[in-house]
Amino acid sequence: MNELSFFGIQITIALSMSALVLALIKPYLKDVLKDTCGTEHSAEFWVRFTQLMMIITPLVIVIFFAGLNSSTEILTQPITILKQTLLQILVGELIALAIVGRVIYSAINTTLELTRAELQLQKISPNNSEKL
């Protein structure tokens with residue numbers, strides 16, 4: 001196999017792994033984002049943002065490192081390329097999930113803090129709760 005064939009296989013594996021991870025988290029992600037964002041349109045934006053992050057991050061890592069290991073010795077060892085590619089993809093998925101998770105956690109945490117503050121205000125002044 002030549003270098004271009006291996007590169008095509010790496011890209012295919014990266015896209016396939018990203019699709020698998022997205023299939024696993026999308027139903028739950030959409031529900032969490034609906035609760036956090038409050039509107040369907042906002043939630044849909046963040047779902048699509050997450051999808052892009054989950055596809056682009058592993059792809060960038062695979063593309064970046066694909067050319068660095070293209071010696072003739074490595075090209076004769078397809079299992080080595082497969083191992084490196086899977087590691088790169090998993091690192092990319094981990095980075096993307098960490099970024100998206102951090103953003104969602106921050107949004108949920110902010111929403112919870114606002115809810116707690118509103119409850120505290122209602123406890124302090126129960127007669128003025130209609131004005132809020």
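Each value in this text was obtained by applying a stated rule to the coordinates, not by laboratory testing. From a predicted model like this one, the values you see are computed outputs, not experimental measurements. Don't worry about glycine lacking a Cβ; one is built from the backbone with ideal geometry, like all the others, and counts go over all protein chains shown.
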Discussion item. Between 0 and 90 degrees, rounded to the nearest ten: what's the tilt of helix 78-124 against the longest Cα principal axis of the chain?
Written reply: 0
Worksheet item: Roughly how many nanometres apart are two label points built 7 Å out from the Cα toward the Cβ at residue 48 and residue 103?
Response: 1.3
Worksheet item: Based on the mean of other beta carbon atoms within 10 Å per residue, what is the order of 24-32, 89-97, most packed first?
Response: 89-97, 24-32
Worksheet, complete the sentence: Karplus-derived 3J(HN,Hα) from phi for the stretch 22-29 (6.51 cos²θ - 1.76 cosθ + 1.60, θ = phi - 60°), whole Hz, x at Gly and Pro, runs 4, 4, 6, 9, 4, x, 6, 4
Worksheet item: How far is helix 40-66 tilted off the main Cα axis of the chain, in degrees rounded to 10, range 0 to 90?
Response: 30
Discussion item. Suppose we keep just the alpha-carbon trace of the stretch 3-126; what are its Rg and Dmax in angstrom?
Written reply: 20.3, 76
Worksheet item: Do the sum for the chain: with -39,500 (n - 2.57) for every DSSP H run of n ≥ 4, divided by all residues, what is the mean residue ellipticity at 222 nm, to the nearest 500 deg cm²/dmol?
Response: -30500 deg cm²/dmol
